[in-house]
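Below is one structure, written out as structure tokens; comments come after it.
What follows is calculated from the coordinates using simple rules that are stated; it is not laboratory data. Keep in mind that what you see is a predicted model, and the values were worked out from it rather than measured. Every residue, glycine as well, gets a Cβ built from its backbone with ideal geometry; the counts of neighbours run over all protein chains shown.
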């Protein structure tokens, strides 16, 4: 499992300068979204089934927040906050 997280961290680090959202880095945003959704569901299930409230709930909320962030990033325009330059041709 450590190798999985190390590979995922290297993937995110190597593509840190690429604009994310829209069609740019869509596979990266999709992979992060799936990861955070699945881990959040796993943590919530652990809290419900095994009554593990001590830290799993906090981690579940944190992972859920990241999942919502990546979901919004995946479906927005990466240049929406910037002023688009009109070509002078």
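Remark on the stretch 20-74: Rg and Dmax equal 12.8, 41 Å (Cα only).
For labels at residue 65 and residue 26 in the simple 7 Å Cα→Cβ model, what's the distance in nm? In this crude spin-label approximation the distance works out to 3.0 nm.
For the stretch 20-74, the relative contact order works out to 51 percent when only alpha carbon pairs closer than 8 Å and six or more residues apart are counted. As a proxy for reagent exposure, ranking 72, 64 by other Cβ atoms within 10 Å from fewest up yields 72, 64.
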